[in-house]
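The values are calculated or read from the model by the stated rules, or taken from the named source; none is laboratory data. Bear in mind the structure is a predicted one, so any value in this text is a computation, not a measurement. Virtual Cβ from ideal backbone geometry, glycine too; neighbours counted across all protein chains shown.
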């Protein structure tokens, strides 16, 4: 191949007003690029074709490269940190802006998740759009991983694990039932066996009917192993609350039991729970022992939740999109209303 430097090339503009760059211009760019990259410029490959002319460089290892003259200009600008209006560098600039938006979204979502006591695992979806992206979080209390829409999370300024929300709502329902009905009518406390691996406890006026309902809602083999009617219905509800808040351990998830899974515990705890009930019966309290009727009743949840209720924000219950992803709540404490 024939090589030539700018002073050896005959350059004639086709038009007087042509913006075509001269060989001297490209050569000066090539020389500056060679200086910055520790290479040697050997000239242009003839014939001259403007910016599409091949330029030849050789590095310290005697390796030759032949980039287009116009690409040498782009590479030199990249070394300077400049952003040309067109070309691959502009695309890189867009990627940098996109990543900056993702980083900002990540930090905002992470702050809200940590405020609620959760760990942000990752963002996924059509990033950096907060409307089409989701935050995957982990609840250490229930070992539950869940996702929330980023825009929804940022709009509310809070996030809640479905398990946490279900437990809180269920406890709140029990307290409401106690205040409205438990003081006035008999209520039974029941314990059902789930294939001798787990137990499900709850309160009902008709535990046998409730068992039939549970069987229709689950494929698990269920049988009643304990039932006790309390003439003072509030005692059954108080006991259910006590069992729920004081007996910890492995339990079923919403995938195993769609309704009432927060009232499940391992079968091995059955003797301890029955003794807990017997001790309560022998005590025969005249006032609730576990349900606290004032605003501080959340403090009884100890191991499961530790927070100041005055600073806790419940999600906006009018947002149907938010609740569409939640597990069905256990409303069994309200069936006697």
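Some points to look at:
- Any hit, region 196-213, residues being under 19 Å from residue 253 (Cα atoms), without any contact (Cβ under 8 Å) to a residue 60 or more places away in the chain and under 33 Å from the mean Cα position of the chain (by Cα): no
- When 75, 69 are checked against the criterion of being modelled with pLDDT of 90 or more and surrounded by 13 or more Cβ atoms within 10 Å (Cβ to Cβ), 69 stands alone in meeting it.
- Any hit, region 271-282, residues being closer than 12 Å to residue 201 by Cβ, surrounded by 15 or more Cβ atoms within 10 Å (Cβ to Cβ), under 34 Å from the mean Cα position of the chain (by Cα) and at pLDDT 80 or above: no
- Region 29-57: number of residues that are without any contact (Cβ under 8 Å) to a residue 12 or more places away in the chain and assigned to a helix (DSSP H, G or I): 2
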